[in-house]
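Report on the structure given below.
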């Protein structure tokens, strides 16, 4: 008899602003086998406030710290489009799947580099539509 393997998506969210507040953040917490493990925002107090209000165990004010958290196995990027490529490349470098807000990037070349980095790391790249 084969036992089913239960795998939970443990999200790390980069950029917990308005989009996360009303759209994606709460949804990630309500989906089966999905939880938000940590959030990041450059403004320390705002990261901490979001984490406290949404019962998220960890918060960071540095993206690299969140990306390197071993408990996180997927990254949601909800920052302004100017940083989508940067954070996607960094997430792929640590072999974590990426879910990025729309627009995917600012240019075709940024999109191509994001796709290439995720393909090289063998991790999926999804765009929120």
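Report, in deg cm²/dmol and to the nearest 500, the calculated mean residue ellipticity at 222 nm for the chain, where each DSSP H run with n ≥ 4 adds -39500 (n - 2.57) and the sum is divided by the residue count.
Calculated from helices alone, the mean residue ellipticity at 222 nm is -11000 deg cm²/dmol.
Averaging 1/r over each pair of different alpha-carbon atoms in the range 14-68 and inverting the result gives 11.1 Å, the Kirkwood hydrodynamic radius. The Kirkwood hydrodynamic radius of the chain, based on inverse pair distances between different Cα atoms, is 14.7 Å. Cβ-to-Cβ counts within 10 Å put 75, 14, 9 in ascending order as 9, 75, 14, the fewest first. Model label points for residue 128 and residue 68, set 7 angstrom from Cα along the Cα-to-Cβ axis, are 2.6 nm apart. The range 60-87 and the range 13-48 have Cα centres spaced 11 Å apart. By the count of neighbouring beta-carbon atoms within 10 Å, fewest first, 40, 104 end up ordered 104, 40.
Computed on the chain, with alpha-carbon pairs under 8 angstrom and 6+ residues apart, the relative contact order is 21 percent.
All of the numbers you see were taken from the coordinates with simple rules; none came from a lab. Fair warning: this is a prediction, and the values are worked out from it, not measured in the lab. With ideal geometry, Cβ positions are generated from the backbone for all residues, glycine too; neighbour counts draw on all protein chains shown.
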